[in-house]
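The values are calculated or read from the model by the stated rules, or taken from the named source; none is laboratory data. This is a predicted model, so every value here is computed, not measured. A quick note on method: Cβ atoms are made from the backbone with ideal geometry, for glycine too, and the neighbour counts reach across all protein chains shown. For accessibility, only protein heavy atoms count, side chains too; no ligands or nucleic acids. Shrake-Rupley method; radii C 1.70, N 1.55, O 1.52, S 1.80 Å.
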Amino acid sequence: SAISMSSLKSSLLKLECHFTWTLLKQDVDLCHLEETIDDQTEFFIESNITNYNLLSYVCHLKGSNEEALRNLQKAEAEAQKNNPDEIDWRILVTWGNYAWIYYHMKRYEEAQTYVNKVENSCKTLSSTDQWKIQLPEIYAEQGWALLKFGRKYYKRAKDCFETALKNEPNNPRFNAGYAIVMYRLEDINCRQCEEIIPSLEPLKRAVELNPKSTFIMALIALKLQDLKQVDEGERYIEEAMQITPDLPYVQRYAAKFYRRKGEVDKALEILKKALAVTPKSAFLHHQLGVCYRVKLFQLKNTTRYPPQEQVEEVIRLAIFHLKTAIVQKAKFFAAYVELANMYAQGKRYEEAEETFQKAFQINILFDDDKQQYYYHYGNFQRFHMKSESEAIRYYLEGLKIKKESYGRNGCRNALMKLLEKRIQRGLEDATDFGTLGLVHNLSGEKHKAIEYYEKAIALCPNNEEYLSALCELRLSI
């Protein structure tokens, strides 16, 4: 029977599945995503349908539709296994993905068969419009997929989990997804100096509904640590480590907890254990790199002349793990910046420069990432390349991006210190005063800005730039 292509296409677009959720491949690192999902199918059995559904979509994006179909078969097998008597509604997403993949393979009959399967299931669920089926499981499924596609998608993920919870407020999986997304959003808001929406309550609620969820316990511990409730945080970490001593997803957060607490050796020990289980984890390699950086600064700060071979060994280990992290995850911005800084510590300036450039070329950077970059690159120019003028140029770039963040504060403080030092040294020229005027202006301190522009003009009376800045400021007050 001839299939009407236009009706098939319009049916496909109505399906709820990964192909209709606008998950763009340029926003993630596909190989890394595939790697993490593989690890998670091993450790989080209860979400395997979710994982196989997502994995099939990732395989399709990588151009391997045969592999995509194999993962959908695994998802179906999981759905059967869980509760053979009642249907697991996540299967509708699986069928939707089947329909799309067959369509892309130009196997239109099979695509139509899966469209029909979804349609018929929806008819049994609801007598009204068969497409408008609003299943909480499917919202949650979308929420998990969005969560995996990175920071740009977190707000949408939060909406999905909220919708799912409206229908089933006590569902442990929906609560877990909601808690994780709230934890990550809180983290981002904190870095951007924005209003904090607390995630501690949703995290605690998720553990209450699923006391075996040690992954969430570890997040609670880190949250309590942020709130300076370290002892209570440690109780959660210890309990989680007791229940699942070999779960790398708990170990990595436990390590972070102990590193931030100042127990770097304990953190290193835990990370190495976790690495034995998931040797390719970019997260673990990055955390190891950070631990070695902390060790390096401990060495340099505690002894006046630290043994050179110890210093070199710590730098070597940091570089090794950070390089491994970016091999595993090509868009791992934080790891690039750490690596560039480590090369600088090892006086390998060309490699540092090259790594900074690569960090800035990553296509998914947010404003606060860029500000972070300008801050670190400014420091590199100032302390390693000994160029104050270049440092000032990059700090200013960071400050010019209007979004508040840790990185922007870093740029602002560094500029103030550096320029005031130059003036104290009696080297002041009009440029330093003019730049301080700009810094204060960008920071919203208009009266201060006027004061410095006036000093700049006193030294350089005909400078157009300073005169027009001063004029604008006076008018705006």
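Conditions tested, residue by residue: (1) open to solvent by 50 Å² or more (accessible area, probe 1.4 Å); (2) over 21 Å from residue 14 (Cα atoms); (3) at pLDDT below 95.
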{"residue": "64", "(1), (2), (3)": "no, yes, no"}
{"residue": "88", "(1), (2), (3)": "no, no, yes"}
{"residue": "113", "(1), (2), (3)": "yes, no, no"}
{"residue": "122", "(1), (2), (3)": "no, no, yes"}
{"residue": "143", "(1), (2), (3)": "no, no, no"}
{"residue": "150", "(1), (2), (3)": "no, yes, yes"}
Please enumerate the residues belonging to segment 241-260 that are among the hydrophobic types (A, V, I, L, M, F, W, C) and within 19 Å of the chain's Cα centre (by Cα). 250, 254, 255, 257
Those residues of segment 180-211 which are in contact (Cβ under 8 Å) with a residue 40 or more places away in the chain and not in a helix (DSSP H, G or I), in sequence order: 192, 193, 194
If you check residue 201 against the conditions, is it out of contact with any His (no Cβ under 7 Å at 6 or more places or on another chain) and open to solvent by 20 Å² or more (accessible area, probe 1.4 Å)? yes
I'd like to know if segment 221-240 contains one or more residues that are within 17 Å of the chain's Cα centre (by Cα) and closer than 25 Å to residue 135 by Cα. no
Scope segment 339-390; condition within 15 Å of the chain's Cα centre (by Cα) and assigned to a helix (DSSP H, G or I); matching residues: 359, 367, 368, 369, 370, 372
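A quick yes/no check of all residues on (1) assigned to a helix (DSSP H, G or I); (2) in contact with a Cys (Cβ under 9 Å, 6 or more places away or on another chain):
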| residue | (1), (2) |
| --- | --- |
| 440 | yes, no |
| 448 | yes, no |
| 457 | yes, no |
| 462 | no, no |
| 466 | yes, yes |
| 472 | yes, no |
I'm told residue 275 meets every condition in (1) in contact with a Lys or Arg (Cβ under 9 Å, 6 or more places away or on another chain); (2) of a type outside the set (S, T, N, Q); (3) open to solvent by less than 40 Å² (accessible area, probe 1.4 Å); (4) in contact (Cβ under 8 Å) with a residue 12 or more places away in the chain except one. Can you identify the failing condition by its number? (1)
Looking only at residues that are in contact with an Asp or Glu (Cβ under 8 Å, 6 or more places away or on another chain) and open to solvent by 10 Å² or more (accessible area, probe 1.4 Å) in segment 154-178, which one is farthest from residue 56 (Cα to Cα)? 178
Take residue 318 and decide whether it is in contact with a Gly (Cβ under 8 Å, 6 or more places away or on another chain) and not in a loop (DSSP other than H, G, I, E, B). yes
Identify, by number, the condition in (1) polar (S, T, N, Q); (2) open to solvent by 70 Å² or more (accessible area, probe 1.4 Å); (3) at pLDDT 95 or above that residue 379 doesn't meet. (2)
Find the residue count for segment 240-272, including only residues that are of a type outside the set (Val, Ile, Thr), modelled with pLDDT of 95 or more and buried (at least 18 other Cβ atoms within 10 Å of the Cβ). 14
